[in-house]
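Just below is one structure, and these are the notes that go with it.
The values are calculated or read from the model by the stated rules, or taken from the named source; none is laboratory data. What you see is a predicted model, and the numbers here were worked out from it, not measured in a lab. All Cβ positions, glycine included, derive from the backbone under ideal geometry; neighbour counts span all protein chains shown. Calculation scope for accessible area: heavy atoms of the full protein, side chains included, ligands and nucleic acids excluded. Shrake-Rupley method; radii C 1.70, N 1.55, O 1.52, S 1.80 Å.
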Amino acid sequence: MKFGKKLILWYLENKRSMPWRETRDPYSIWLSEIILQQTRVAQGLPYYLSFKSAFPTVFDLAAAPEEKVLKLWQGLGYYSRARNLHATAKYVADELGGTFPDSYASLLLLKGVGDYTASAIASICYDEAVPVVDGNVYRVLSRYLGVATPINTTQGVKEFKQLAKALLEVKEPATYNQAIMEFGALQCKPQSPDCTQCVLDSDCVALKEKKVGELPVKLKKQKIKKRYFSYLIIQTNEETILQQRTGKGIWQGLYEFPLVETSAPISYEELKKASVFTELLGAQTYELSLYKEEAVIHKLSHQHLYTWFYVVQVQCLPLLSAPHQKVRLSDVERYPVPILIGNFIEAFF
DNA sequence: AAAGCGGGGCG
DNA sequence: CGCCCAGCTTT
């Protein structure tokens, strides 16, 4: 039997039940696809449910304040997805009357929608015969066909896209695309797949050549940078100071406490010399305590953040200018913050 | 073509 | 501790 037919039969028997598999509504499919980019189903599922609950339609999402969208997204990471999600919702609601684009080419023009997501929506919602190539598909195809071209190179992307297109079941792209991805997630797993229980075992090149553990090939990994953050929790009995991250870099749009970043760990004495420190505290007297002696280490894919939280108790806050803003202590938890900050807030407040 | 962007789960 | 996850955008 043909590759695609086998996958579809396997899928109909083994697929997991998921809320976005109960519909072909483009808004729901689009939402699920954005949430699931570089994200496991188990991690994304609760976010999908809360977004659907808070924003049942694209109009609800479009009408929401950006902060509310970021707050709901808090903890999911890759926050540009949330900002692009919101921008696209506004575009679809305001410019397209709430109707999503209905082809691969037109979907590709939406912010936050790349080749994979456009293909997924076009095939699942509109039966367009376009192949999806996500992490699962790379793995299944490289093993099944024994292709060792590195998947994170221009050549690899091009080659696997072509292979995916050649193997696509053009009569039922919606089912086939979901089948190959589900097969990659459940059967042809990254680590220790059970090839003795595989419906493709008779034709799998990697299995035949004992190369399952070597495929797919992925080039190097970037070096991890270390950064040193000293946060200032400057507070009275009622208020503290937050700032919003803008510009480039991590956590765009999220909030944090006033930050002193240095190229190496610093002492309290050195911290006191920071301009932000004098700007926010002036000459007034204060009580300062280090929340925790050891650095809190927060790991991102490509950065390790060594973090200290300095709590500064003061009588009153100075007049603040952007980006700093006064926030009532009881309101701190309303702001969208990175997990690093959220964990501190939870433990400290 | 390469870098940047989160957080969590698993062996 | 390294790898990977229903990738996209910017440089």
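Remarks
- The single residue among A:L61, A:L76, A:L72 that is surrounded by 16 or more Cβ atoms within 10 Å (Cβ to Cβ), touching a residue at least 12 places away in the same chain (Cβ under 8 Å) and not in a helix (DSSP H, G or I) turns out to be A:L76.
- None of A:V133, A:V147, A:V140 is out of contact with any Pro (no Cβ under 6 Å at 6 or more places or on another chain), of a type outside the set (D, E), near DNA strand C (Cβ under 9 Å from one of its atoms) and within 22 Å of A:D201 (Cα to Cα) except A:V133.
- Failed item in (1) modelled with pLDDT of 95 or more; (2) over 30 Å from the mean Cα position of the chain (by Cα); (3) of a type in the set (S, T, N, Q), with A:T307 passing the rest: (2)
- Checklist (1) surrounded by fewer than 16 Cβ atoms within 10 Å (Cβ to Cβ); (2) without any contact (Cβ under 8 Å) to a residue 24 or more places away in the chain applied to A:F51, failing item: (1)
- Checking A:P46, A:P56, A:P26 one by one, the residue that is farther than 23 Å from A:T246 by Cα, more than 12 Å from DNA strand C (Cβ to nearest atom) and within 18 Å of the chain's Cα centre (by Cα) is A:P46 and no other.
- Among the candidates A:L219, A:L280, residue that is within 16 Å of DNA strand B (Cβ to nearest atom) and not assigned by TED's automatic domain parsing to the domain that holds A:E66: A:L219
- With respect to the conditions (1) under 17 Å from A:Q38 (Cα atoms); (2) among the basic types (K, R); (3) free of Cβ contacts under 8 Å to residues at least 12 places away in the same chain, A:K158 falls short on a single one, namely (1).
- Of the residues A:L207, A:L232, A:L200, the single one that is part of a helix (DSSP H, G or I), touching a residue at least 40 places away in the same chain (Cβ under 8 Å), out of contact with any Gly (no Cβ under 6 Å at 6 or more places or on another chain) and away from DNA strand B (no atom under 16 Å from the Cβ) is A:L207.
- For A:I180, the criteria (1) surrounded by fewer than 18 Cβ atoms within 10 Å (Cβ to Cβ); (2) within 14 Å of DNA strand C (Cβ to nearest atom); (3) of a type in the set (A, V, I, L, M) hold in every case but one, which is (1).
- Total residues in the range A:236-285, condition over 19 Å from A:T307 (Cβ atoms), open to solvent by less than 70 Å² (accessible area, probe 1.4 Å) and assigned to a loop (DSSP other than H, G, I, E, B): 5
- Restricting attention to the range A:295-310, the residues that are part of a strand (DSSP E or B), in contact with a Lys or Arg (Cβ under 9 Å, 6 or more places away or on another chain) and more than 24 Å from A:K272 (Cβ to Cβ) total 2.
- In the range A:98-148, the residues that are assigned to a helix (DSSP H, G or I), touching a residue at least 24 places away in the same chain (Cβ under 8 Å), surrounded by 22 or more Cβ atoms within 10 Å (Cβ to Cβ) and in contact with a Leu (Cβ under 7 Å, 6 or more places away or on another chain): A:I121, A:L141, A:S142, A:R143, A:Y144
- Any hit, the range A:172-183, residues being part of a helix (DSSP H, G or I) and over 27 Å from A:R24 (Cα atoms): no
- Selected residue (only one of A:E182, A:E159 is of a type in the set (D, E), at pLDDT 95 or above and in contact with a Ser or Thr (Cβ under 9 Å, 6 or more places away or on another chain)): A:E159
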